[in-house]
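In what follows, a single structure is set out as C-alpha coordinates and then discussed.
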Amino acid sequence: MSDDGRYIGRDLEVLAGLQRYYNWIFQTFHPYLFGAGIEFGPVLGTNSALMRSELSNLDLVEPSPSLVKSLRLRFAGDPGIQIFEADVESFVSSEPQRHYDTIILVNVLEHIQDDLTVVDAFYRMLRPRGHLLLFVPALPMLFSRIDEYYGHKRRYTVPQLTQLAIRAGFEVPLACYFDVLGVVPWYFLNKIGGNIHFNPFLTSMYDAVGVPLTRWIEGYIRPPFGKNICMAARKPE
(Lines give C-alpha, C1' and ligand atoms only; values in the text may rest on other atoms or scores of the structure.)
Protein backbone atom coordinates (compact mmCIF):
# COMPACT_ATOMS: atom_id res chain seq x y z
CA MET A 1 0.00 0.00 0.00
CA SER A 2 2.30 2.71 -1.25
CA ASP A 3 2.26 5.88 -3.27
CA ASP A 4 3.93 4.29 -6.29
CA GLY A 5 0.56 3.91 -7.98
CA ARG A 6 0.13 0.20 -7.35
CA TYR A 7 -2.54 0.65 -4.69
CA ILE A 8 -3.88 4.10 -5.51
CA GLY A 9 -6.32 4.98 -8.24
CA ARG A 10 -9.07 3.10 -10.03
CA ASP A 11 -8.54 -0.28 -8.38
CA LEU A 12 -8.64 1.26 -4.92
CA GLU A 13 -11.87 3.08 -5.66
CA VAL A 14 -13.42 -0.09 -7.11
CA LEU A 15 -12.61 -2.10 -3.99
CA ALA A 16 -13.70 0.67 -1.61
CA GLY A 17 -17.15 0.58 -3.22
CA LEU A 18 -17.88 -3.04 -2.28
CA GLN A 19 -20.40 -2.18 0.41
CA ARG A 20 -21.98 -5.63 0.70
CA TYR A 21 -18.55 -7.24 0.99
CA TYR A 22 -17.39 -4.85 3.71
CA ASN A 23 -20.69 -5.22 5.56
CA TRP A 24 -20.19 -8.97 5.54
CA ILE A 25 -16.71 -8.60 7.03
CA PHE A 26 -18.08 -6.19 9.63
CA GLN A 27 -20.88 -8.54 10.65
CA THR A 28 -18.41 -11.42 10.97
CA PHE A 29 -16.16 -9.37 13.27
CA HIS A 30 -19.01 -7.64 15.12
CA PRO A 31 -19.05 -9.93 18.23
CA TYR A 32 -15.36 -9.22 18.86
CA LEU A 33 -15.38 -5.41 18.53
CA PHE A 34 -15.19 -3.36 21.72
CA GLY A 35 -13.31 -0.64 23.55
CA ALA A 36 -10.33 1.20 22.15
CA GLY A 37 -9.48 0.11 18.61
CA ILE A 38 -6.76 0.49 16.02
CA GLU A 39 -6.89 -0.36 12.33
CA PHE A 40 -3.80 -0.82 10.20
CA GLY A 41 -4.05 -0.09 6.48
CA PRO A 42 -7.53 1.47 6.42
CA VAL A 43 -7.01 2.77 2.84
CA LEU A 44 -10.09 4.99 2.19
CA GLY A 45 -11.79 4.16 5.49
CA THR A 46 -14.70 2.08 4.17
CA ASN A 47 -14.14 -0.62 6.77
CA SER A 48 -13.17 1.93 9.44
CA ALA A 49 -16.52 3.73 9.18
CA LEU A 50 -18.35 0.49 9.90
CA MET A 51 -16.12 -0.62 12.78
CA ARG A 52 -16.14 2.83 14.39
CA SER A 53 -19.74 2.45 15.58
CA GLU A 54 -18.72 -0.36 17.95
CA LEU A 55 -15.55 1.22 19.36
CA SER A 56 -15.06 3.94 21.96
CA ASN A 57 -12.25 5.40 19.85
CA LEU A 58 -10.29 4.31 16.78
CA ASP A 59 -6.71 4.97 15.70
CA LEU A 60 -5.95 4.59 12.00
CA VAL A 61 -2.43 3.77 10.79
CA GLU A 62 -1.88 4.26 7.07
CA PRO A 63 1.50 4.51 5.25
CA SER A 64 0.31 6.34 2.13
CA PRO A 65 0.48 10.17 2.46
CA SER A 66 -2.32 10.69 -0.08
CA LEU A 67 -4.57 8.21 1.72
CA VAL A 68 -3.79 9.81 5.07
CA LYS A 69 -4.99 13.09 3.59
CA SER A 70 -8.23 11.45 2.40
CA LEU A 71 -8.78 9.82 5.79
CA ARG A 72 -8.30 13.12 7.61
CA LEU A 73 -10.89 14.73 5.38
CA ARG A 74 -13.34 11.86 5.77
CA PHE A 75 -13.14 11.69 9.57
CA ALA A 76 -12.48 15.36 10.31
CA GLY A 77 -15.65 15.64 12.39
CA ASP A 78 -14.92 12.66 14.65
CA PRO A 79 -12.75 13.51 17.69
CA GLY A 80 -12.57 9.80 18.54
CA ILE A 81 -10.46 9.03 15.48
CA GLN A 82 -6.72 9.70 15.43
CA ILE A 83 -4.73 9.14 12.22
CA PHE A 84 -1.05 8.19 11.99
CA GLU A 85 1.09 8.16 8.87
CA ALA A 86 3.20 5.03 9.33
CA ASP A 87 3.56 1.45 8.21
CA VAL A 88 2.78 -1.44 10.53
CA GLU A 89 6.34 -2.33 11.46
CA SER A 90 7.45 1.21 12.27
CA PHE A 91 4.31 1.96 14.29
CA VAL A 92 4.52 -1.12 16.52
CA SER A 93 8.20 -0.46 17.18
CA SER A 94 7.81 3.26 17.89
CA GLU A 95 4.55 3.20 19.92
CA PRO A 96 5.14 0.37 22.43
CA GLN A 97 3.17 2.07 25.22
CA ARG A 98 -0.12 2.20 23.32
CA HIS A 99 -2.66 -0.43 24.35
CA TYR A 100 -5.92 -1.44 22.73
CA ASP A 101 -8.91 -3.74 23.10
CA THR A 102 -9.31 -4.36 19.36
CA ILE A 103 -6.70 -4.50 16.58
CA ILE A 104 -7.97 -4.75 13.00
CA LEU A 105 -6.14 -5.67 9.80
CA VAL A 106 -8.15 -6.20 6.61
CA ASN A 107 -5.96 -7.30 3.68
CA VAL A 108 -2.76 -6.12 5.38
CA LEU A 109 -0.93 -9.01 7.10
CA GLU A 110 -0.12 -10.65 3.75
CA HIS A 111 2.06 -7.62 2.89
CA ILE A 112 4.34 -8.12 5.90
CA GLN A 113 7.47 -10.23 5.45
CA ASP A 114 7.92 -11.19 9.11
CA ASP A 115 4.31 -11.75 10.10
CA LEU A 116 5.13 -13.60 13.35
CA THR A 117 7.15 -10.67 14.73
CA VAL A 118 4.27 -8.30 14.00
CA VAL A 119 1.65 -10.63 15.50
CA ASP A 120 3.85 -10.93 18.61
CA ALA A 121 3.85 -7.11 18.82
CA PHE A 122 0.06 -7.04 18.50
CA TYR A 123 -0.20 -9.47 21.42
CA ARG A 124 1.80 -7.07 23.61
CA MET A 125 -0.32 -4.10 22.46
CA LEU A 126 -3.60 -5.77 23.38
CA ARG A 127 -5.16 -5.62 26.80
CA PRO A 128 -6.29 -8.94 28.34
CA ARG A 129 -9.44 -10.28 26.62
CA GLY A 130 -8.74 -8.01 23.64
CA HIS A 131 -9.01 -9.28 20.07
CA LEU A 132 -6.80 -9.27 17.00
CA LEU A 133 -9.10 -9.34 13.96
CA LEU A 134 -7.50 -10.53 10.73
CA PHE A 135 -8.89 -10.74 7.20
CA VAL A 136 -6.37 -12.18 4.74
CA PRO A 137 -6.24 -13.81 1.28
CA ALA A 138 -6.48 -17.59 1.39
CA LEU A 139 -5.19 -20.63 -0.47
CA PRO A 140 -1.58 -20.61 -1.72
CA MET A 141 -2.78 -22.28 -4.94
CA LEU A 142 -4.53 -19.00 -5.84
CA PHE A 143 -1.34 -16.92 -5.58
CA SER A 144 -1.06 -15.04 -8.88
CA ARG A 145 0.34 -12.01 -10.69
CA ILE A 146 -2.19 -9.74 -9.00
CA ASP A 147 -0.91 -10.84 -5.58
CA GLU A 148 2.64 -10.02 -6.65
CA TYR A 149 1.52 -6.71 -8.16
CA TYR A 150 0.03 -5.57 -4.85
CA GLY A 151 3.01 -6.72 -2.81
CA HIS A 152 1.54 -9.82 -1.21
CA LYS A 153 4.11 -12.13 0.36
CA ARG A 154 1.76 -15.08 0.75
CA ARG A 155 -1.78 -16.44 0.85
CA TYR A 156 -2.75 -18.33 4.01
CA THR A 157 -4.56 -21.49 5.00
CA VAL A 158 -6.69 -21.63 8.15
CA PRO A 159 -4.22 -24.01 9.89
CA GLN A 160 -1.27 -21.73 9.03
CA LEU A 161 -2.96 -18.59 10.31
CA THR A 162 -4.24 -20.35 13.41
CA GLN A 163 -0.77 -21.66 14.23
CA LEU A 164 0.68 -18.18 13.75
CA ALA A 165 -1.73 -16.76 16.33
CA ILE A 166 -1.20 -19.61 18.79
CA ARG A 167 2.59 -19.23 18.58
CA ALA A 168 2.16 -15.60 19.65
CA GLY A 169 0.08 -16.67 22.67
CA PHE A 170 -3.45 -16.10 21.40
CA GLU A 171 -6.56 -18.19 21.80
CA VAL A 172 -8.51 -18.52 18.54
CA PRO A 173 -12.31 -18.41 18.92
CA LEU A 174 -12.85 -17.82 15.19
CA ALA A 175 -10.87 -18.99 12.16
CA CYS A 176 -12.85 -19.73 9.02
CA TYR A 177 -12.69 -19.58 5.25
CA PHE A 178 -14.71 -16.76 3.71
CA ASP A 179 -16.23 -16.25 0.25
CA VAL A 180 -16.22 -19.77 -1.15
CA LEU A 181 -17.80 -18.73 -4.46
CA GLY A 182 -15.12 -16.08 -4.96
CA VAL A 183 -12.53 -18.80 -5.49
CA VAL A 184 -13.87 -19.55 -8.99
CA PRO A 185 -13.66 -16.07 -10.57
CA TRP A 186 -10.34 -15.40 -8.83
CA TYR A 187 -8.89 -18.64 -10.23
CA PHE A 188 -10.00 -18.07 -13.80
CA LEU A 189 -9.57 -14.28 -14.04
CA ASN A 190 -6.36 -13.89 -12.04
CA LYS A 191 -4.60 -17.24 -11.68
CA ILE A 192 -5.30 -18.44 -15.23
CA GLY A 193 -6.04 -15.12 -16.94
CA GLY A 194 -3.14 -13.24 -15.36
CA ASN A 195 -5.08 -10.05 -14.57
CA ILE A 196 -3.42 -7.43 -12.42
CA HIS A 197 -6.37 -5.03 -12.19
CA PHE A 198 -9.93 -5.37 -10.93
CA ASN A 199 -12.66 -5.04 -13.55
CA PRO A 200 -15.15 -2.47 -12.18
CA PHE A 201 -18.21 -4.04 -13.83
CA LEU A 202 -17.42 -7.62 -12.80
CA THR A 203 -16.44 -6.55 -9.30
CA SER A 204 -19.65 -4.58 -8.76
CA MET A 205 -21.72 -7.43 -10.18
CA TYR A 206 -20.10 -9.89 -7.79
CA ASP A 207 -20.80 -7.53 -4.88
CA ALA A 208 -24.45 -7.27 -5.97
CA VAL A 209 -25.09 -10.95 -6.75
CA GLY A 210 -22.21 -13.16 -5.66
CA VAL A 211 -21.75 -11.76 -2.17
CA PRO A 212 -25.39 -12.22 -1.06
CA LEU A 213 -25.43 -15.74 -2.51
CA THR A 214 -22.18 -16.95 -0.96
CA ARG A 215 -23.05 -15.24 2.33
CA TRP A 216 -26.36 -17.14 2.35
CA ILE A 217 -24.54 -20.43 1.68
CA GLU A 218 -21.99 -19.79 4.40
CA GLY A 219 -24.79 -18.97 6.81
CA TYR A 220 -25.74 -22.65 6.69
CA ILE A 221 -22.42 -24.42 6.18
CA ARG A 222 -18.81 -23.61 7.00
CA PRO A 223 -16.93 -24.19 3.73
CA PRO A 224 -13.65 -26.18 3.71
CA PHE A 225 -12.03 -23.51 1.55
CA GLY A 226 -12.58 -19.92 0.45
CA LYS A 227 -10.96 -16.93 -1.19
CA ASN A 228 -10.20 -15.32 2.18
CA ILE A 229 -9.91 -16.12 5.88
CA CYS A 230 -11.52 -14.35 8.83
CA MET A 231 -9.85 -14.78 12.20
CA ALA A 232 -10.53 -13.44 15.68
CA ALA A 233 -7.64 -14.13 18.04
CA ARG A 234 -8.10 -13.35 21.76
CA LYS A 235 -5.48 -12.45 24.34
CA PRO A 236 -6.17 -14.48 27.49
CA GLU A 237 -6.69 -12.82 30.87
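Using a 10 Å cut-off on Cβ atoms, rank the peptides 23-30, 60-67 from the highest mean neighbour count down.
On the way: 23-30: 17.9, 60-67: 20.2.
Top to bottom by mean Cβ count within 10 Å: 60-67, 23-30.
Scaled to the compact-protein estimate 2.2 N^0.38 Å, what is the alpha-carbon radius of gyration of the range 108-186, rounded to two decimal places?
On the way: Rg = 13.4 Å, N = 79, 2.2 N^0.38 = 11.6 Å.
Rounded to two decimals, the normalised Rg is 1.16.
Would you work out what percent of the accessible area of the chain, with all protein chains in place, is carbon or sulfur (probe 1.4 Å)? Let's see the in-between values first.
Numbers: 6020 of 10750 Å².
Carbon and sulfur together cover 56 percent of it.
Once you have a ≥ b ≥ c as the square roots of the Cα gyration tensor eigenvalues for the range 15-85, tell me rounded if a/c is under 1.5, and otherwise prolate or oblate according to whether a/b is larger than b/c. Walk me through the numbers on the way to the answer.
Working: a/c = 1.92, a/b = 1.23, b/c = 1.55.
Oblate, since a/c reaches 1.5 and b/c is not below a/b.
Can you give the log10 of the normalised intensity I(q)/I(0) at q = 0.07, 0.15 Å⁻¹, computed with Debye over equal Cα scatterers of the chain?
-0.21, -1.06
Could you tell me the calculated FRET efficiency between residue 93 and residue 66, based on Cβ-Cβ distance and R0 = 35 angstrom, to the nearest 0.05?
On the way: r = 24 Å, r/R0 = 0.68.
Result of the calculation: an efficiency of 0.90.
When the scattering of the range 56-197 is computed by the Debye formula from its Cα atoms alone, each counted once and equally, what is log10 I(q)/I(0) at q = 0.11, 0.12, 0.19, 0.21 Å⁻¹?
-0.49, -0.58, -1.24, -1.34
Might you tell me the accessible area per residue for the chain, computed with a 1.4 Å probe and given in Å²?
45
Go through 35, 137, 122 and say which Cα lies farthest out towards the positive end of the charge dipole of the chain; charges sit on Cβ, +1 for Lys and Arg, -1 for Asp and Glu.
Of 35, 137, 122, it is 137.
Specify the longest stretch of the chain that does not include any exposed loop site, a site being one of the trypsin sites (Lys or Arg not before Pro) with a non-H, G, I, E, B DSSP assignment and at most 14 other Cβ atoms within 10 Å. Spell out each step's value before the answer.
Values: sites that count: 6, 98, 153.
The longest such stretch corresponds to 7-97.
Can you tell me the length gained on complete extension of the stretch residue 209 to residue 160, counting 0.36 nm per residue apart and subtracting the Cα distance? Before the final figure, lay out each step's value.
Values: separation 49, 0.36 × 49 = 17.64 nm, distance 3.05 nm.
Taking 0.36 nm per residue and subtracting the Cα distance, the gain is 14.6 nm.
The values are calculated or read from the model by the stated rules, or taken from the named source; none is laboratory data. For clarity, every value in this text was computed on a predicted model and none was experimentally measured. Virtual Cβ from ideal backbone geometry, glycine too; neighbours counted across all protein chains shown. Only protein heavy atoms, including side chains, enter the accessible area calculation; ligands, DNA and RNA are left aside. Shrake-Rupley method; radii C 1.70, N 1.55, O 1.52, S 1.80 Å.
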